[in-house]
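Asker: I have a structure I would like to understand better, so I am pasting it below and will then ask my questions one at a time.
The values are calculated or read from the model by the stated rules, or taken from the named source; none is laboratory data. Worth saying up front: this structure is predicted, and the values here are computed from it rather than measured. So basically every Cβ, Gly included, is an ideal-geometry build from the backbone, and we count neighbours across all protein chains shown.
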Amino acid sequence: MIRRSCLGVLVTGCLVMPVFGQISLTGAGATFPYAMYSKWFDDYHKLHPNIQINYQSIGSGGGIRQVTEGTVDFGASDGPMTDDQLKGFREKRGCDVLHFPTVLGAVVPIYNIPGVTADLDFTPEALVGIFLGKITKWNDPVLTKLNPKVKLPGSDIIVVHRSDGSGTTYVWSDYLSKVSDEWKTRVGKNTALNWPVGLGGKGNEGVSGQVKQSPNSIGYVELTYAAQNKMSFGRVRNSSGAFVKASLASVTAAAAGVQMPDDFRVSITNPSGKTAYPICSFTWLLIPEEIVDKQKSGVITDFLRWMLGPGQKLTEALEFAPLPKAVVTKEEKAIAKVHSKA
Amino acid sequence: MSTAPSVLPRPRASQFAAKLRAGDQLAYTLTLICAASIFLVTCLLVYQLWAGSVLSRQKFGWNFIFSSTWDPVKEDYGGVPFMFGTVVTSLVSLLISVPIGLGAAIFLSEMALPGISDALTFLIELLAAVPSVIYGLLGIFLLVPVLESVVVPALKSVLGFLPIFAGPFYGVSLLSASVVLSIMIVPFIISVSREVLLAVPVDQREAALSLGATRWETTWQVVVPYASRGIYGSIFLALARALGETMAVTMVVGNTSKVQTSLLAPGNSIASVIANQFNEATSDMYISALIELGLVLFAITIIINGLARLMILTTGARIAK
């Protein structure tokens, strides 16, 4: 009796499981745009109830690895794939991988100085000096000259950086490498670095928590994170000489001033443009050029078109900067490259 | 057993079948599979660690355990800062937790009333079940401020001349990690030591008391030495946990990949760096270096366990004499 009912449940379960017409895709990668992707995939599912897109934010490195292995249908990364990684993808999967920028992010310097509530101004040299450990006190002449109206204490600067590998670190170090040869040779740019000085915090939360707890400290976090947590952050001087505070407008301005290559792999740190914020970056979806399953290929191209249209309108509510129009137009043309094995 | 009278001896096949039916052979086979599976998993683990770290081992060789540079950009990896942090935080946490744990275990087994002893033991064993992330949070929000405002200033005023207490204190440090670890491993020491102390035969205690020893002399000079092997076992169990502890350590250790002599300076540990950097490790060499760190931790654990066994054996031999 029991055996028969168990068998019955098993058979019914097997019949019920495949829901007819259900298409499901999986993606993995960057943590920074997770909030945005989460909303997008959810809204897209509401529009197309038979399509389910699952996204796991395991980190950009993981996203690149998994899409190369083919365990996920698409990847996501805060930093573009390197030439070696592209070659590896081509060798493993037999086709190219395409980069599609989705939103813009920025990295801002946060600080905690007792008694200082004003926005501090930083030049690239000041930031490099602090993070290399050369500028050790808040009342260093470099900093006092930049902020004459602020009373900076004579205490030691406590530097806080990321202990985990992250796209935020990549963007920050990419900017510092561009503005300083010493940083470029001594430290370089990567998701994880050999930091000359400083304490490590895990995640944006770790860095901001450490900065909040340590008086006279400075760190860096994503703009989205700082905005959502209402943190005060400093202004950075851009290549035109203006001190710009990161905002959705100044971030979009940074992207607009850059010549976008055909493969969309570009760094937009330290761009030209009077209102541009200098420490910004795109974040990309990594889509294989050739997708075996015809249905999945159709879903991906349709989603990309939706993302570039109605999707872009949803970004500002979540404190992400939308893509500039020129980039959107260029991407819409590039979607045609995605095809299925005929 | 068959009750029918048999004239001829039963053939082997049906003897085996009979044993099988009786369950003995089955039980033997099943339990053998269970034991073998654990051994198999361990072998697979070591093989995976060995195979996964081949790139890094080939490039750095023995230099890996002598180099203190950890540079993912230049792909130059060395394990010294992490080995240092792991060993230092574990040893200091033992230094803090062993006296407290042993003292508590002695109190609970020898001095306390049975009702109080059982209640307190239950609470202490609950502590062992708390997830390590909670300890990490406790460390950041409760422990670090206390250390910063009360403990470290006092320590510095008295022992500040020692190099291990030199330098500024930022809250997150090897000392904070050691203190959090000691809170985590104390329940292990207490519960196992208490069991072992309770298991000491009453005759031993009575013999000592009858010779005129005080309560404390009995405990310290008779009961504890008798139970010493079990106590060492509990200490090494606690040490094993401390060596591998990841989340609680990574939240309070400071994540600075440098070797510094002061306990008040931030540091890093093997488990902490693997947990932090494995996800975003993009290049094969990077992943291989992290896996090699895992292999190094495995080796450290085996060495320490080996020493523990040796110590227990020699202590046992001495007591037997």
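Asker: With respect to A:Lys178, determine if the residue is charged (D, E, K, R), modelled with pLDDT of 90 or more and in contact with an Asp or Glu (Cβ under 6 Å, 6 or more places away or on another chain). Full working, then the answer.
Answerer: Working: charged (D, E, K, R): yes; modelled with pLDDT of 90 or more: yes; in contact with an Asp or Glu (Cβ under 6 Å, 6 or more places away or on another chain): no.
Here the answer is no, as A:Lys178 does not meet what is asked.
Asker: A further question on this structure: If A:Tyr225 meets every condition in (1) surrounded by 22 or more Cβ atoms within 10 Å (Cβ to Cβ); (2) out of contact with any helix residue (DSSP H, G or I) (no Cβ under 6 Å at 6 or more places or on another chain); (3) not in a loop (DSSP other than H, G, I, E, B) apart from one, which number is that one?
Answerer: For A:Tyr225, the exception is condition (2).
Asker: Still on this structure, please answer the following. Sort out for me the helices (runs of 4 or more DSSP H) sitting completely within region B:212-321 that have 2 or more residues that are in contact (Cβ under 8 Å) with a residue 60 or more places away in the chain, under 27 Å from B:Gly61 (Cα atoms) and within 14 Å of chain A (Cβ to nearest Cβ). Before you say what the answer is, go through the steps one by one.
Answerer: Values: elements: B:215-218, B:228-244, B:247-252, B:270-277, B:284-320.
Hits in region B:212-321: B:270-277, B:284-320.
Asker: Another question, if that's okay. Looking for whichever is in a helix (DSSP H, G or I), closer than 29 Å to A:Asn194 by Cα, within 14 Å of chain A (Cβ to nearest Cβ) and in contact with a helix residue (DSSP H, G or I) (Cβ under 9 Å, 6 or more places away or on another chain) here; the options are B:Leu137, B:Leu91. Which one fits? So that I can check it myself, show each step before the final result.
Answerer: On the way: B:Leu91 fails: within 14 Å of chain A (Cβ to nearest Cβ).
Of the residues listed, the single one that is in a helix (DSSP H, G or I), closer than 29 Å to A:Asn194 by Cα, within 14 Å of chain A (Cβ to nearest Cβ) and in contact with a helix residue (DSSP H, G or I) (Cβ under 9 Å, 6 or more places away or on another chain) is B:Leu137.
Asker: Among the residues of region B:53-76, what is the count of those that are more than 14 Å from chain A (Cβ to nearest Cβ) and not in a loop (DSSP other than H, G, I, E, B)?
Answerer: From region B:53-76, those more than 14 Å from chain A (Cβ to nearest Cβ) are B:53-66; that's our starting set.
With not in a loop (DSSP other than H, G, I, E, B) added as a condition, the list becomes B:54-65.
Final tally of qualifying residues: 12.
Asker: If you don't mind, another one. If you check every pair at least six apart or on different chains, which have Cβ atoms under 6 Å apart with a residue in region B:169-191 that is β-branched (Val, Ile, Thr) first and a residue that is buried (at least 24 other Cβ atoms within 10 Å of the Cβ) and in a loop (DSSP other than H, G, I, E, B) second?
Answerer: Correct list of pairs: B:Val172/B:Gly254; B:Val172/B:Pro266.
Asker: Regarding region A:264-273, can at least one residue be identified that is closer than 22 Å to A:Pro101 by Cα, within 15 Å of the chain's Cα centre (by Cα) and among the basic types (Lys, Arg)? Break it down into steps so the answer makes sense when it comes.
Answerer: Quick first cut of region A:264-273, residues closer than 22 Å to A:Pro101 by Cα only: A:264-273.
Filter again for within 15 Å of the chain's Cα centre (by Cα), leaving A:264-269.
So of that shortlist, the ones also among the basic types (Lys, Arg) come out as A:265.
Yes, there is a match, as at least one residue in region A:264-273 is closer than 22 Å to A:Pro101 by Cα, within 15 Å of the chain's Cα centre (by Cα) and among the basic types (Lys, Arg).
Asker: Please go through region A:127-168 and pick out each residue that is closer than 24 Å to A:Thr224 by Cβ, out of contact with any strand residue (DSSP E or B) (no Cβ under 7 Å at 6 or more places or on another chain) and either at pLDDT 95 or above or among the hydroxyl-bearing types (Ser, Thr, Tyr) (or both).
Answerer: Across region A:127-168, the qualifying residue is only A:Ser166.
Asker: Then there's this: Name the residues in region A:184-205 that are in contact with a helix residue (DSSP H, G or I) (Cβ under 6 Å, 6 or more places away or on another chain), farther than 19 Å from B:Gln260 by Cα and either surrounded by fewer than 21 Cβ atoms within 10 Å (Cβ to Cβ) or modelled with pLDDT of 95 or more (or both), would you?
Answerer: Once the filter is applied, which keeps residues that are in contact with a helix residue (DSSP H, G or I) (Cβ under 6 Å, 6 or more places away or on another chain), farther than 19 Å from B:Gln260 by Cα and either surrounded by fewer than 21 Cβ atoms within 10 Å (Cβ to Cβ) or modelled with pLDDT of 95 or more (or both), region A:184-205 yields only A:Lys184.
Asker: Go through region A:151-194 and give me each residue that's more than 8 Å from chain B (Cβ to nearest Cβ) and part of a loop (DSSP other than H, G, I, E, B).
Answerer: Residues satisfying the conditions are A:Lys151, A:Leu152, A:Pro153, A:Gly154, A:Ser155, A:Ile157, A:Ser180.
Asker: Of the residues B:Gly230, B:Gly254, B:Gly167, which single one is at positive phi, assigned by TED's automatic domain parsing to the domain that holds B:Val130 and surrounded by fewer than 24 Cβ atoms within 10 Å (Cβ to Cβ)?
Answerer: Working: B:Gly230 fails: at positive phi; B:Gly254 fails: surrounded by fewer than 24 Cβ atoms within 10 Å (Cβ to Cβ).
Testing whether each residue is at positive phi, assigned by TED's automatic domain parsing to the domain that holds B:Val130 and surrounded by fewer than 24 Cβ atoms within 10 Å (Cβ to Cβ) leaves just B:Gly167.
Asker: Looking for whichever is surrounded by fewer than 20 Cβ atoms within 10 Å (Cβ to Cβ), in contact with a Leu (Cβ under 6 Å, 6 or more places away or on another chain) and free of Cβ contacts under 8 Å to residues at least 60 places away in the same chain here; the options are A:Val328, A:Val292. Which one fits? Walk me through it before giving the result.
Answerer: Working: A:Val292 fails: in contact with a Leu (Cβ under 6 Å, 6 or more places away or on another chain).
Sole residue among the options that is surrounded by fewer than 20 Cβ atoms within 10 Å (Cβ to Cβ), in contact with a Leu (Cβ under 6 Å, 6 or more places away or on another chain) and free of Cβ contacts under 8 Å to residues at least 60 places away in the same chain: A:Val328.
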